[in-house]
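Rule-based calculations on the coordinates, nothing more; no lab input. For clarity, every value in this text was computed on a predicted model and none was experimentally measured. Note that each Cβ is placed from the backbone with ideal geometry, even for glycine, and that neighbours are counted across all protein chains shown.
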Amino acid sequence: MCQYYIPLPQQSLKSKIMAIEVLTKEDLNEFRHELLKEITGIISAAPPKKQKWLKSNEVRELLNISPGTLQNLRINGSLTFSKVGGTIYYANDEIDKLLERNKKAANPTLFR
């Protein structure tokens, strides 16, 4: 970073000097690299925050199921839900429990 001193017009018998700093391309590149390094560190350090409640469309996207299948899961009691007004919400931990209950053990038979 370069510094230049420019005298200002006289103000009451004293002359004041103002320092001007000039930023070079190298300075800006160095700043960019430092900033990117800090941002990358912050992003990688923060764990992804899991939403507690999901709406029907989010659950359908997450499980890759149709609206009818989601309705069947509600009706047969496989997936608990809460309804506020006309919106149905599903607890994320209940979706995890559903997946765990339906988990099938691997049965490797390919090389036997």
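Some points to look at:
- Set Lys49/Lys83; Lys83/Lys103; Lys83/Lys104 screened for pairs whose C-alpha atoms are more than 25 Å apart: Lys83/Lys103; Lys83/Lys104
- Within segment 68-112, chymotrypsin sites (Phe, Trp or Tyr not before Pro) in DSSP loop having at most 14 other beta-carbon neighbours inside 10 Å: Phe111
- Distance between modelled label sites at Leu110 and Ser66, nm, 7 Å Cα→Cβ extension: 3.1
- For a paramagnetic label modelled on Asn102 (point 7 Å from Cα along Cα→Cβ), amide N atoms under 13 Å away belong, within segment 77-96, to 77-80, 95-96.
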